[in-house]
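The values are calculated or read from the model by the stated rules, or taken from the named source; none is laboratory data. Computed from a predicted structure; not experimentally measured. In this analysis, Cβ positions are derived from the backbone assuming ideal geometry, glycine residues included, and neighbour counts consider all displayed protein chains.
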Amino acid sequence: MSNTKRRTLYEKVWSDHLVVDESRDTPAILYIDLHLIHEVTTPQAFSVLRSLELPVRRPDLTLGTLDHSTPTLPVRTFKDLQIAGNDAANQVRKMQQNCQEFGVELHDFDSIHRGIVHVIGPELGATQPGKTIVCGDSHTSTHGAFGALAFGIGTTEVGHVLATQCLLQRKARTFAVEISGQLAHGVTAKDVVLAIIGKIGVDGGTGHVIEFCGDTIRSMGMESRMTVCNMSIEAGARAGMIAPDTTTFEYLKGRDNAPQGAAWKRAVNRWQALASDTDAAYDKTVSLSASDLAPMVTFGTNPGMVVPIDADVPHHDGSTSYKKALDYMQLESGKPLSQSPVDVVFVGSCTNSRLTDLQEAANILEGRKVADGVRMLVVPGSQQIKNDAEALGLHKIFTAAGAEWRESGCSMCLGMNGDTVGQGQLSVSTSNRNFEGRQGVGARTVLASPMTAAASAIEGRVADPRRYL
Amino acid sequence: MRTHVVTSDTSIPMKPIKILTSNTVILPSTDIDTDQIIPARFLTTTTREGLGKHLFSEWRYLKDGSDNPDFALNAPAAKGSEILVAGNNFGCGSSREHAPWALLDFGIKAVISTEIADIFRSNSLKNGLLPIVVGPSVHDWLLDNPGASISIDVETSKITLPNNEQCTYPIDSFARHCLLEGIDQLGFLQNHITDIEKFEEKRSWKP
Ligand code: SF4
């Protein structure tokens, strides 16, 4: 038997970070190369460090931002910060204090790179192939688009990484999702990932790390790949990964935290060897043809309850949860979703707030108006993206159409910062979760691509973007 | 099984759990996500305590703030229940550890389902909340018999039903050890600090 076992991308990154391998009795000790932190899931971890009189072991591998409970209106004074109440303001302030006290770099209100934690890592070039990346946030899976092993952790584990730069982990199973075929006009990475979740289910990836592969993925740019990996967690997967290639390297080249000069060449050589070996075995495999996909929209209260935009709300599967979801959404099976009147349109979140997302929405909105009675909020993923978009004049397109143009942050994705969808209102959102109340108490969320969101804003109902292309 | 050396001075004490006996409370919905367990607007806290009053907030309270009489956890018979039996894929969604904190603060000490989401399971184990996966037949029986008094033995990884029928559930041996001894895992990691230093020194590339 050959002793050179063919390895997957995940297995390569995993074994490259083993401080101590796992045994039957103990999990592995896995070294973490980049720890991203934000204001919501860290205060209790810093408290533990303080009470044990421990420093942050590697502040140089730790990077902070303000995004979740941070206002998307300009913040100049403490009063501006209190827009979502005292607790939210105090949480932001606590983050500033903790980072200062423990010597962690924070992208604060004066930083061009302040923004959603999963947007700024790649933007800074801190997210790189072959790294282990964690954050107290489940959408850390986003960074897997670069061939990093990136996953969300809880606050206790945030404390473990702050104190030791390591985590106790069991090796996950591997799951290849192969996507082939050319996407039709008006169909995007968001539609692809929604279709995948619809196919494998919201628990289809539990216990697994997904590797997205196939020619559809290969021809996607980095922003699209990030959208796909971002939603791995919505299929229950621990992480999502994509093998790095020249698209990845071109994106990273020259970014602030990317290696430079001779180090760049060495890094690229190392990164090129990360792709899964041919014939490497996966525990599970699924394939999807993307060439006949339509824009996708969700009709229920989890991202797996999804249909093509021109399809009717599917018939009851008999379960109580299904009925509960449709009751909550005030939708009827057998009726088209595209007739549903819309109250709010949100373009933003770590799924779809990057420059190409904003461009796609703006292209459809240009010279058109947001329908009467519809509130549209456009929230760029970072201050850098905001600047880039403004340099292209996108903000003018949005505001001329009647949309609100904001500072960066998580905003209406989870409604912690004062940006919420009202009770009973229907929102078409480019975010990643349509859970009950996710965008505000009683809010009804339809997940969609930026193009579908823009078309829906114009028509005031869930609308097919293809007629605007 | 060999015992692990954990220095108590760096551990956060977690109460050891050996046996849990309680009547059950049932939430049969599938895919109950962490936004339902503890909605985001309650995450602005900077401590771990006091989240129990917001547990399942949207389902548990009516619009006027009074208890929703139709919600299982509000039923008089559910009072004091420490074991929650839920539909498949409990705890999916966000990584918020506030979810197990809220359940524990409310008084729930174990969650039983046919599947429990990865991050929620990991967070639960670090706080002494038992995430227990059972097969469909036991699950169906539990769903059909709300309020049944059952017992969970962490040492033997066995559940005993009221008719004395028993079933085993899967659990990682390290996690079980930590539960039984009440060990926090930070101390375990810190005992490996020389390994960590060696790894940092010897690796072929630096992040
Ligand atoms: S944008 Fe939404 S999903 Fe992404 S990190 Fe923020 S809250 Fe989480």
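Here are the numbers:
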quantity: Test: residue in segment A:362-374 that is more than 16 Å from the ligand (Cβ to nearest atom), crowded, with 22+ Cβ neighbours inside 10 Å and small (Gly, Ala, Ser); calculated: yes
quantity: Within segment A:307-358, considering residues that are of a type in the set (Val, Ile, Thr) and assigned to a loop (DSSP other than H, G, I, E, B), the one nearest to the other protein chains (Cβ to nearest Cβ); calculated: A:Thr351
quantity: Test set (1) in contact with a helix residue (DSSP H, G or I) (Cβ under 7 Å, 6 or more places away or on another chain); (2) away from the ligand (no atom under 16 Å from the Cβ); (3) outside any loop (DSSP other than H, G, I, E, B) - A:Leu36 fails condition number; calculated: (2)
quantity: Filter pass, A:Gly214 being within 14 Å of chain B (Cβ to nearest Cβ) and more than 16 Å from the ligand (Cβ to nearest atom); calculated: no
quantity: Candidate set from segment A:331-361 (those that are of a type in the set (S, T, N, Q) and modelled with pLDDT of 95 or more); member that is farthest from the ligand (Cβ to nearest atom); calculated: A:Gln359
quantity: Failed condition for A:Phe102, given (1) under 27 Å from the mean Cα position of the chain (by Cα); (2) more than 13 Å from chain B (Cβ to nearest Cβ); (3) surrounded by 15 or more Cβ atoms within 10 Å (Cβ to Cβ); calculated: (1)
quantity: Selection status of A:Val158, assigned to a helix (DSSP H, G or I) and either in the same structural domain as A:Phe46 (by TED's automatic domain parsing) or on the phi > 0 side of the Ramachandran plot (or both); calculated: yes
quantity: Any hit, segment A:176-184, residues being closer than 27 Å to A:Leu447 by Cβ, part of a helix (DSSP H, G or I) and either more than 10 Å from chain B (Cβ to nearest Cβ) or under 19 Å from the mean Cα position of the chain (by Cα) (or both); calculated: no
quantity: Where B:Pro146 falls short, out of the listed (1) more than 14 Å from chain A (Cβ to nearest Cβ); (2) more than 16 Å from B:Ile17 (Cβ to Cβ); (3) outside any loop (DSSP other than H, G, I, E, B); calculated: (3)
quantity: So B:Ala75, is it in contact (Cβ under 8 Å) with a residue 24 or more places away in the chain, of a type in the set (A, V, I, L, M, F, W, C) and surrounded by fewer than 19 Cβ atoms within 10 Å (Cβ to Cβ); calculated: yes
quantity: Considering residues of segment A:127-182 that are within 16 Å of the ligand (Cβ to nearest atom) and in contact with an Asp or Glu (Cβ under 8 Å, 6 or more places away or on another chain) only, the residue nearest to A:Asn432 (Cα to Cα); calculated: A:Gly152
quantity: Filter pass, A:Arg438 being closer than 21 Å to A:Ser232 by Cα, without any contact (Cβ under 8 Å) to a residue 40 or more places away in the chain, in the same structural domain as A:Glu459 (by TED's automatic domain parsing) and within 16 Å of the ligand (Cβ to nearest atom); calculated: yes
quantity: For A:Thr70: the one exception among (1) β-branched (Val, Ile, Thr); (2) facing chain B (nearest Cβ under 8 Å); (3) not in a helix (DSSP H, G or I); calculated: (2)
quantity: Filter result for A:Gln91 (within 16 Å of the ligand (Cβ to nearest atom) and either free of Cβ contacts under 8 Å to residues at least 60 places away in the same chain or among the acidic types (Asp, Glu) (or both)); calculated: yes
quantity: Positions within segment A:140-166 being within 8 Å of chain B (Cβ to nearest Cβ) and either in contact with a Cys (Cβ under 7 Å, 6 or more places away or on another chain) or free of Cβ contacts under 8 Å to residues at least 24 places away in the same chain (or both), in sequence order; calculated: A:Gly152, A:Ile153, A:Glu157, A:His160
quantity: Residues satisfying the stated conditions in segment B:117-160, i.e. in contact (Cβ under 8 Å) with a residue 12 or more places away in the chain, crowded, with 23+ Cβ neighbours inside 10 Å and more than 9 Å from the chain's Cα centre (by Cα); calculated: B:Ala117, B:Ile119, B:Ile152
quantity: Residues of segment A:82-99 that turn out to be more than 19 Å from A:Thr420 (Cβ to Cβ), facing chain B (nearest Cβ under 9 Å) and either in contact with a Pro (Cβ under 7 Å, 6 or more places away or on another chain) or among the hydrophobic types (A, V, I, L, M, F, W, C) (or both), as a count; calculated: 1
quantity: Of all residues making up segment A:418-462, the number that are farther than 22 Å from A:Ala325 by Cβ and touching a Ser or Thr at 6+ places or on another chain (Cβ under 8 Å); calculated: 3
quantity: Unique residue being over 23 Å from A:Glu234 (Cα atoms), within 16 Å of the ligand (Cβ to nearest atom) and among the acidic types (Asp, Glu) when the list is A:Glu390, A:Glu407; calculated: A:Glu407
